[in-house]
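Novice: Could you have a look at this structure, given as structure tokens, before my questions?
The values are calculated or read from the model by the stated rules, or taken from the named source; none is laboratory data. Just so it is clear, the structure is predicted and the values come from calculations on it, not from any experiment. Please note: Cβ atoms are built from the backbone with ideal geometry, for glycine as well, and neighbour counts cover all protein chains shown. Just the protein is used for accessible areas: all its heavy atoms, side chains included, with ligands, DNA and RNA removed. Shrake-Rupley method; radii C 1.70, N 1.55, O 1.52, S 1.80 Å.
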Amino acid sequence: MKEFRLDRLEAERLAHNGAYLRFLNERNISVGLYALNAGEQDTQRPQRQDVVNFVVSGRAAMTVGDETTTVGRGSVVYVPAGTPARFHHITEDLRVMVVFSPPEGS
């Protein structure tokens, strides 16, 4: 079993001065914590994997392909592989658990 706590993951991400911390990398999935502060720009590019974004906290708009929605704590957004997706109009610091399948780097 592997167990993770969001407060510890956030502390580790901050210690590495990055917006993204991959904390699980297994044969079929990888999972990371992505952080964008209010007003920041999301510069992510289309991913080679299918992605599930689970918003842990914060508020923003998210565009996937040509569709836009508002996301907040508890929102779950699926992004098919190769589809452009980004967060924007971030009004509250955003923390997102990101699940990749297959795992990143595959």
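Novice: Just checking, how many residues over region 34-50 are crowded, with 16+ Cβ neighbours inside 10 Å and among the hydrophobic types (A, V, I, L, M, F, W, C)?
Specialist: Step one: filter region 34-50 for residues crowded, with 16+ Cβ neighbours inside 10 Å, giving 34-36, 42, 44, 47, 49-50.
So of that shortlist, the ones also among the hydrophobic types (A, V, I, L, M, F, W, C) come out as 35-36.
Matching residues across region 34-50 total 2.
Novice: From the list N28, N53, pick out the single residue that is open to solvent by 50 Å² or more (accessible area, probe 1.4 Å), touching a residue at least 40 places away in the same chain (Cβ under 8 Å) and farther than 20 Å from A11 by Cβ.
Specialist: Details: N53 fails: open to solvent by 50 Å² or more (accessible area, probe 1.4 Å).
Unique residue meeting the criteria: N28.
Novice: Now a separate question. Of the residues that make up region 70-77, is at least one open to solvent by 80 Å² or more (accessible area, probe 1.4 Å), of a type in the set (K, R) and outside any strand (DSSP E or B)? Before the answer, list the steps.
Specialist: Looking only at region 70-77, we keep the residues that are open to solvent by 80 Å² or more (accessible area, probe 1.4 Å), and these are 70, 73, 76.
So of that shortlist, the ones also of a type in the set (K, R) come out as 73.
Checking the rest, the ones that are also outside any strand (DSSP E or B) come to 73.
Yes, because at least one residue in region 70-77 is open to solvent by 80 Å² or more (accessible area, probe 1.4 Å), of a type in the set (K, R) and outside any strand (DSSP E or B).
Novice: Across region 78-106, what is the total count of residues that are over 23 Å from R48 (Cβ atoms) and not in a strand (DSSP E or B)?
Specialist: Number satisfying all stated conditions: 0.
Novice: Sticking with this structure for a sec: Given the condition open to solvent by 80 Å² or more (accessible area, probe 1.4 Å) and in a loop (DSSP other than H, G, I, E, B), answer yes or no: does some residue in region 9-17 qualify? Show your work before the answer.
Specialist: To start, the set of residues in region 9-17 that are open to solvent by 80 Å² or more (accessible area, probe 1.4 Å) comprises 12, 14, 16-17.
Now narrow it down to the ones that are in a loop (DSSP other than H, G, I, E, B): 16-17.
Yes, the conditions are met somewhere in region 9-17.
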